[in-house]
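Okay, so here's the structure we're looking at.
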Amino acid sequence: MAELLQGEGEDPGMRMYYAQLAEDPHILEPRNEMPYANTLLHEYAGAGETLVAMEIATLRPSLARRLNNSGLSPMHLALQNRDDLALRDRLDKTVRALMTVDVDLIRVKGRGRLTPLHYAAKIDADELLAEFLSACQSSIEDLTSRCETAVHVAVKHGSSRSVKVLVGWLVRVKMEEILNWKDEDGNTVLHIATRRNRPQVIKSLIGRVNVNAKNFGGFTALDLCDPSHDSNEVRRILRNANAKETSDPRRVTTLSDHLSQELGFSELQDRFFNVLGNGSNTKSPRDMILVVAGLVVAATYQAVLSPPGGYWQDNYSPSTNMTTATAGSEVGPHSAGEMIMSGTSLYLFLGYNTVAFLTSACTILVILLGLPSTLMLRLSVSFLLMNYYTSLISSFPSVTQRDAYPFVAILGYILVVAGFWVPEYMFSQHDKRHRLIDTPKRSVGNSVIG
């Protein structure tokens, strides 16, 4: 039975390892008890012995996170040894195999708090870099001891392709804000790229970063253009992106400036609807508000489709010379499909119903502002407002339609403009100003500053 389990084509290194294990069942114990030392997993992973490394990681998973006396985990060591071209393919296989043991190994912090993701960005291991990002999205938020993201490391040490891989992934997962995070000196990736005179990297960053962010020395990226280099291209790119120098009289908004100002539209929206809760662990009431507002919208819209009294089912237009008209008849001229209700009752019903419909629909639109992937939903609500307006026009009684048409037409435009475009414009202006606020923007524990 043991021979069947071993298999005919078993790796020689694995047979040797299990022979050692049979001779000394405690072969892993002494090294495992030492806090910082090269374990067997370090040795086999650093040599690209994938099968043996996987067996050790399976028998003793904790060794995969253990750091040696150089501050490196087995995955770190495998990445570091990729300089040996003869072993590179084997080492890449080892790294990929260790990922299957525990995907969080990508986030193990070694010397200088560098994770395997930082190493991959540093040594231009583009394929591994892309696989790390896809396997563990949260690894992009890890910072080194210098508060550097993987993008900082790639701009400093890696190639333009590594930077493009990181930026392209951040754009696809809608995490471009990480490009504005600052290191220990307050430098964003744009500061680093400018200081190192890397125009191709700068081009990939323009449009996704705050070009006027200041580091802790008070300098913008444009201030860091080194006159000793041929920086004309870098300066031209930054100028075309409306970058400013510190001496520019137009002031860059700092975090303290922002906090000392009055609340903006989006902040008033959150405060009014209590979208973010009351500052404690209270659950946000957004879902409840959306449900109630949706029910009111549905009820009020249905009331327009089925008004009290219903609709006329025939056409009636009495002439002045008709002799068959019944004396004292109060039925006025009408057309099929028009509301039977008329006069003061009609205006009161439509007025109250329209106010309820408009306020509920606008509540939905305002709450959806700023939430990702809601543009089509906000457009559909605005078209519902237009459709409500069309229903009012088409079902008004013909006797009162001439007098009521200007009122209904103006109300229709107010519904569309006030309900969709005004909040949309105000939020876009707020979002534009918010993006220009110069904040540290970095991950601290489970939260993000800025």
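Residues of segment 37-72 that are on the phi > 0 side of the Ramachandran plot and surrounded by fewer than 20 Cβ atoms within 10 Å (Cβ to Cβ): 71 alone.
Restricting segment 163-174 to residues that are loosely packed, with under 14 Cβ neighbours inside 10 Å and not β-branched (Val, Ile, Thr), the residue that is farthest from residue 147 (Cα to Cα) is 172.
Just one of the listed residues (341, 386) is part of a loop (DSSP other than H, G, I, E, B), out of contact with any Ser or Thr (no Cβ under 9 Å at 6 or more places or on another chain), modelled with pLDDT of 70 or more and not assigned by TED's automatic domain parsing to the domain that holds residue 246, namely 341.
A quick yes/no check of all residues on (1) closer than 25 Å to residue 111 by Cα; (2) in contact with a His (Cβ under 6 Å, 6 or more places away or on another chain); (3) at pLDDT below 90:
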{"site": "130", "(1), (2), (3)": "yes, no, no"}
{"site": "148", "(1), (2), (3)": "yes, no, no"}
{"site": "154", "(1), (2), (3)": "yes, no, no"}
{"site": "157", "(1), (2), (3)": "yes, no, yes"}
{"site": "163", "(1), (2), (3)": "yes, no, no"}
{"site": "173", "(1), (2), (3)": "no, no, no"}
{"site": "180", "(1), (2), (3)": "yes, no, no"}
{"site": "215", "(1), (2), (3)": "no, yes, yes"}
{"site": "227", "(1), (2), (3)": "no, no, yes"}
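Residues in segment 191-212: is at least one under 15 Å from residue 144 (Cα atoms), in a helix (DSSP H, G or I) and in the same structural domain as residue 244 (by TED's automatic domain parsing)? If you could, list the steps in order and put the result at the bottom.
Looking only at segment 191-212, we keep the residues that are under 15 Å from residue 144 (Cα atoms), and these are none.
No, segment 191-212 has no match at all.
Any residue at all in segment 275-283 that's modelled with pLDDT under 75 and surrounded by 15 or more Cβ atoms within 10 Å (Cβ to Cβ)? If you could, list the steps in order and put the result at the bottom.
First pass over segment 275-283, keeping only residues modelled with pLDDT under 75: 275-283.
Narrowing further to those that are surrounded by 15 or more Cβ atoms within 10 Å (Cβ to Cβ): 275.
Yes; the residues of segment 275-283 include at least one that is modelled with pLDDT under 75 and surrounded by 15 or more Cβ atoms within 10 Å (Cβ to Cβ).
Restricting attention to segment 238-257, does a residue exist that is charged (D, E, K, R), at pLDDT below 75, more than 19 Å from residue 213 (Cα to Cα) and part of a helix (DSSP H, G or I)? No: zero hits.
Scanning segment 18-48 for residues that are among the aliphatic types (A, V, I, L, M) and at pLDDT below 90 gives 19, 21, 22, 27, 28, 34, 37, 40. Against the list (1) surrounded by fewer than 23 Cβ atoms within 10 Å (Cβ to Cβ); (2) in contact (Cβ under 8 Å) with a residue 40 or more places away in the chain, the condition residue 121 fails is (1). If you filter segment 79-115 down to residues that are outside any helix (DSSP H, G or I) and of a type in the set (A, V, I, L, M), you find that the one that is surrounded by the most Cβ atoms within 10 Å (Cβ to Cβ) is 114.
Restricting attention to segment 49-69, does a residue exist that is in a loop (DSSP other than H, G, I, E, B), of a type in the set (S, T, N, Q) and modelled with pLDDT of 60 or more? Yes; the residues of segment 49-69 include at least one that is in a loop (DSSP other than H, G, I, E, B), of a type in the set (S, T, N, Q) and modelled with pLDDT of 60 or more. Just to be sure before I move on: is residue 155 among the hydrophobic types (A, V, I, L, M, F, W, C), part of a helix (DSSP H, G or I), assigned by TED's automatic domain parsing to the domain that holds residue 104 and buried (at least 23 other Cβ atoms within 10 Å of the Cβ) in the structure I sent? So residue 155 passes the test. The C-beta contact set for segment 39-67 (first residue in the same structural domain as residue 108 (by TED's automatic domain parsing) and free of Cβ contacts under 8 Å to residues at least 24 places away in the same chain, second residue part of a helix (DSSP H, G or I) and buried (at least 20 other Cβ atoms within 10 Å of the Cβ), distance under 7 angstrom, 6+ apart or interchain) comprises 40/56.
Answer with yes or no whether residue 195 is free of Cβ contacts under 8 Å to residues at least 40 places away in the same chain, among the basic types (Lys, Arg) and more than 28 Å from residue 73 (Cα to Cα). The answer is yes for residue 195. Within the set 165, 211, the sole residue that is closer than 30 Å to residue 99 by Cβ, within 24 Å of the chain's Cα centre (by Cα) and β-branched (Val, Ile, Thr) turns out to be 165.
The values are calculated or read from the model by the stated rules, or taken from the named source; none is laboratory data. Every value quoted in this text rests on a predicted model; they were computed, and no experiment measured them. Counting neighbours? That spans all protein chains shown, and the Cβs are built from the backbone with ideal geometry, glycine included.
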